[in-house]
1. Kirkwood hydrodynamic radius of the chain from all distinct Cα pairs, in Å?
2. When the accessible area of the chain is split by element with a 1.4 Å probe, what percent falls to carbon and sulfur?
3. For ARG36 and GLU149, what is the calculated FRET efficiency with R₀ set at 45 Å and r taken between the beta-carbons, to the nearest 0.05?
4. Given the rule -39500 (n - 2.57) for each run of at least 4 DSSP H residues, summed and divided by the residues of the chain, what is its mean residue ellipticity at 222 nm, to the nearest 500 deg cm²/dmol?
5. Which lysines have a Cα less than 28 Å from the Cα of LYS65, not counting those fewer than 8 places away in the same chain?
6. For the Cα atoms of the chain, what angle does the longest principal axis make with the long axis of helix 69-93, in degrees from 0 to 90, nearest 10?
7. Between the DSSP loop rule and a limit of at most 10 other Cβ atoms within 10 Å, which trypsin sites (Lys or Arg not before Pro) in region 61-106 are left?
8. Measure nothing but the geometry: give the 0 to 90° angle between the long axis through the Cα atoms of 36-63 and the longest principal axis through the Cα atoms of the chain, rounded to 10°.
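The values are calculated or read from the model by the stated rules, or taken from the named source; none is laboratory data. Computed from a prediction, not measured in an experiment: that's the story for all the values here. Because the Cβ atoms are built from the backbone with ideal geometry, glycine has one as well, and the counts that use them run over all protein chains shown. Just so you know, the surface numbers come from the protein's heavy atoms only, side chains and all, with ligands and any DNA or RNA stripped out. Shrake-Rupley method; radii C 1.70, N 1.55, O 1.52, S 1.80 Å.
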Amino acid sequence: MTHYDINVRQGLPQDMQLLLRDYPRDAWPGHPNFARATQNWMRAHQMFRKLAEILEADTKGILDKQTDPERFAARLGHYGNQLIGNLHGHHGWEDHSFFPELQAADDRFERGLEMLESDHVEMDGLLDNLTRNANRYLKLSDLSPKDAENELPAILANTQAIGRFLTRHLADEEDLVVPIILHHKLRG
Ligand SMILES: [Fe+2]
Ligand SMILES: [Fe+2]
């Protein structure tokens with residue numbers, strides 16, 4: 001395990017902050033190179049954070065008996081599919097198209113981009129865990145609602161792990177990527 005590991009790092013590693021020092025977060029919104037495409041990309045991140053929050057809050061709600069199981073099942077299917085499907089698409093595009101474009105523009109951040117790609121691999125595992133447990137819950141809620149309930153703590157743990165992961169990954173990704181975009185006037 002290195003200090004690049006998402007489970008131990010406390011923000012973007014120092015050696016990857018070369019441009020972040022010149023382009024701090026506060027300066028992004030007013031920067032002329034902060035293009036619409038970049039703003040949309042950050043809005044997608046915001047949507048992922050929101051979806052993870054909804055799934056976690058819903059699961060807490062049903063564990064506290066605050067939610068009707070049928071309503072929970074419908075929302076779990078809907079928001080779970082949305083989060084998992086959109087994140088897979090987003091990561092695939094970043095790995096295959098976006099990161100190579102950044103790498104071509106500035107080769108000083110290769111290790112940073114590799115770090116983000118290995119985050120994506122780790123995220124796949126977390127999403128698979130949620131998919132497996134949510135599908136089991138949805139199947140059991142038809143067959144045996146009592147047994148379905150037993151799946152809820154695992155689903156809560158999955159949604160919390162995804163939320164923690166997203167908080168770290170998305171912040172570090174933005175801190176690495178946005179300064180490169182602004183500096184090289186990309187995606188404008
Ligand atoms: Fe990413
Ligand atoms: Fe991203």
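1. Values: mean 1/r = 0.0559 Å⁻¹.
Here the Kirkwood hydrodynamic radius works out to 17.9 Å.
2. 50 percent
3. 0.50
4. Numbers: 6 runs with 132 residues, N = 188.
That comes out to -24500 deg cm²/dmol.
5. Partners found: LYS50, LYS139, LYS146.
6. In the chain, helix 69-93 runs at an angle near 30 degrees to the longest axis.
7. Listed in order of number, the matching sites are LYS65.
8. 20 degrees
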